[in-house]
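One structure is given below, encoded as C-alpha cells.
The values are calculated or read from the model by the stated rules, or taken from the named source; none is laboratory data. Please read all numbers here as calculations on a predicted model, not as lab measurements. As a convention, Cβ positions derive from the backbone with ideal geometry for all residues, glycine included, and neighbour counts pool all protein chains shown.
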Amino acid sequence: MRRGTILIVSAAVIGAAAWLSAQAPAPSGDVELSGPSDVPVTFDGHVSKFEYGDAATVRFGNGHGVVDARVKAADGYLYFAFEIPDRSPHVGDDIVIMLDGRADGGDAPQTDDIRAYVRRKGENSRMEQGDGKQWVNLYGDWEYRSTAYAIGWEVEARIPLKSLSADFAKTRTMGLALRIWDNDPQKTWHWPAESDEGKPSTWGKLVLSGAKK
C-alpha cells in the first residue's frame, strides 16, 4: 500500500513562524515545503491564487473534476485551502482534515489525533479529537471558512502552529489525511486514496526535513 507524504523542509529553527511555506506541487505523492511564507492570507473562505501561489498542492479526483488542496504556513498558522468542483451542490457536503500528532498510527483515533470537520455552509462544522476508540467533539483551535458556488465550493481552515502536538517538535513528523464527502452521489473521496479516517495507520505523512517518513 502506498500512502502520500508531505515533506516539509524546515528553516534553521523549529518555531511557530519558521517551519513551513511552499513551492510548486511535486508530481508524486511527496510535496516539498520550505519556509516560512511571507505572503499573508486573508482568512475569508476564498482561495486566492495570489495568497496560495506559494503553497504546496495535493490533487485528487472527486468524480466532478480535480480537487486542489493546498497547505502552507504563514503568520503563525498552518493553513489548508481547498478548491472543490461539484456539479451537484448540497448543504451536507463536507471536508475533513486529520492530523496525527505523534505519527504513531493505530487502528482507532487516539487522544493525539485531531480533525477539522467543515460543512459546505458551516452548519454543524466542528472540531474533533480521538478518545482511543472513536472521534469525539473537542473545543480546540481550528478555525474554518467556506464559500459556496453553483459549480463547487472553497474552504479555508487553519490551526496555530503552537497548538500542534509537542511531539511534532521532537519527531518532526505528523500523520495527515484529507477526506471529502459528496451527498450526491453519496460518496467519499480520500487523500491518500487508501486512507481510512478512523484508522490513522492508513494516513499519509507531514514531515519536517531530515525526519523519517
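Miscellaneous remarks
- Annotation: of all residues in the stretch 163-205 being modelled with pLDDT under 85 and among the basic types (K, R), the one that is nearest to V118 (Cα to Cα) is K205.
- Answer residue from the stretch 81-124, given it is closer than 26 Å to G53 by Cα and of a type in the set (G, A, S) and is farthest from the chain's Cα centre (by Cα) among those: G122
- Considering residues of the stretch 96-120 that are buried (at least 17 other Cβ atoms within 10 Å of the Cβ) and free of Cβ contacts under 8 Å to residues at least 60 places away in the same chain only, the residue nearest to A148 (Cα to Cα): R120
- Restricting attention to the stretch 105-121, the residues that are modelled with pLDDT of 90 or more and outside any strand (DSSP E or B) add up to 8.
- For D93, the stated conditions hold: it is among the charged types (D, E, K, R), crowded, with 19+ Cβ neighbours inside 10 Å and either closer than 17 Å to G175 by Cα or touching a residue at least 60 places away in the same chain (Cβ under 8 Å) (or both).
- Residue within the stretch 122-130 that is touching an Asp or Glu at 6+ places or on another chain (Cβ under 9 Å), surrounded by 15 or more Cβ atoms within 10 Å (Cβ to Cβ), in a loop (DSSP other than H, G, I, E, B) and free of Cβ contacts under 8 Å to residues at least 60 places away in the same chain present: yes
- Contact annotation: residue pairs with Cβ atoms under 9 Å, 6 or more positions apart or on different chains, pairing a residue in the stretch 54-65 that is touching a residue at least 12 places away in the same chain (Cβ under 8 Å) and more than 19 Å from D93 (Cβ to Cβ) with a partner that is of a type in the set (V, I, T) and in a strand (DSSP E or B), are A55/V71; A56/I6; A56/I8; A56/V31; A56/V71; T57/V31; T57/V71.
- Leading residue by the ranking (modelled with the lowest pLDDT) among those in the stretch 131-146 that are farther than 17 Å from R158 by Cβ and either loosely packed, with under 14 Cβ neighbours inside 10 Å or aliphatic (A, V, I, L, M) (or both): N137
- Residue within the stretch 93-102 that is under 17 Å from H46 (Cα atoms) and in contact with a Gly (Cβ under 7 Å, 6 or more places away or on another chain) present: no
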